Amino acid sequence: MAVELILIRHGRPERIDFDPDGANPALTDLGHRQAAGMAKFLENDAISAIYVSPQQRAIETAQPLSEVKGLGATIVPGIAEFDLGHTSYIPGEEMGKLDEEALNVLIAQATADEFVERVRTSITAIIDGHPGETVAAVCHGGVISIILNDILGMPIETYHDAKYTSVTRISAARSGLRSMTSFNECHWIRGLS
């Protein structure tokens, strides 16, 4: 039987201009409301396990889902975003237009071999551990893009704009065949500001 993997992007995080210990932003108030809406949306899905990136924005996003499902969330370092350990975090909507050099640096980080391989390895381990079950993984836009690019056969540099707390569903068969069954389910964020 196939595994249904529900990929959830974290909610809207705070901006951190500089932290010498590594920027690890928490959610904004809006991000917490987005996470609550996502949890309510998934309340009746038969989720048997929740996995989460070690980054604060993902952990806080997973909390409402853990509460409504009565499940603890297991931290998986391999589904952390490529920006883990960076000294700043600026949400995409606050970055503005990037010049060519800055854009190339961002693409290089988001497609680095080490990042891509750890995402692939971690997602495969999650899938392999839950035959026939539905599991959720709360992670990041870059992680979701890597997975979708593999499934869709798209260039690794392609970025899929997963909205905050959006749900993307992946079906993974025992044969190794994977398909995307939905992308960017996120009606609960409409009207939130």
Among the residues of the stretch 130-171, which ones are loosely packed, with under 13 Cβ neighbours inside 10 Å and of a type in the set (Gly, Ala, Ser)? Gly132, Gly153
Residue count for the stretch 97-111, restricted to those that are closer than 18 Å to His160 by Cα and either over 18 Å from the mean Cα position of the chain (by Cα) or exposed (fewer than 13 other Cβ atoms within 10 Å of the Cβ) (or both): 6
Just a yes or no: is a residue in the stretch 101-112 among the β-branched types (Val, Ile, Thr), over 20 Å from Asp21 (Cα atoms) and in contact with a Leu (Cβ under 8 Å, 6 or more places away or on another chain)? no
Could you list, in sequence order, all residues of the stretch 172-191 that are farther than 15 Å from His10 by Cβ, of a type outside the set (D, E, K, R) and surrounded by 15 or more Cβ atoms within 10 Å (Cβ to Cβ)? Ala172, Met180, Phe183
Count of the stretch 39-59 residues which are part of a helix (DSSP H, G or I), touching a Leu at 6+ places or on another chain (Cβ under 7 Å) and among the aliphatic types (A, V, I, L, M): 2
Can Arg33 be described as touching a strand residue (DSSP E or B) at 6+ places or on another chain (Cβ under 8 Å) and either surrounded by fewer than 22 Cβ atoms within 10 Å (Cβ to Cβ) or at pLDDT 95 or above (or both)? no
The residue from Ala23, Ala62 that alone is assigned to a loop (DSSP other than H, G, I, E, B) and either surrounded by 22 or more Cβ atoms within 10 Å (Cβ to Cβ) or in contact with a strand residue (DSSP E or B) (Cβ under 9 Å, 6 or more places away or on another chain) (or both) is Ala23
If we keep just the residues of the stretch 1-20 that are within 19 Å of the chain's Cα centre (by Cα) and more than 30 Å from Ser171 (Cβ to Cβ), which is surrounded by the most Cβ atoms within 10 Å (Cβ to Cβ)? Glu14
Quick one: which residue in Val76, Val52 is β-branched (Val, Ile, Thr), more than 22 Å from Asn184 (Cα to Cα), in contact (Cβ under 8 Å) with a residue 12 or more places away in the chain and buried (at least 18 other Cβ atoms within 10 Å of the Cβ)? Val76
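The values are calculated or read from the model by the stated rules, or taken from the named source; none is laboratory data. All values derive from a computational prediction rather than experimental measurement. Cβ: placed from backbone, ideal geometry, glycine included. Neighbour counts: every protein chain shown.
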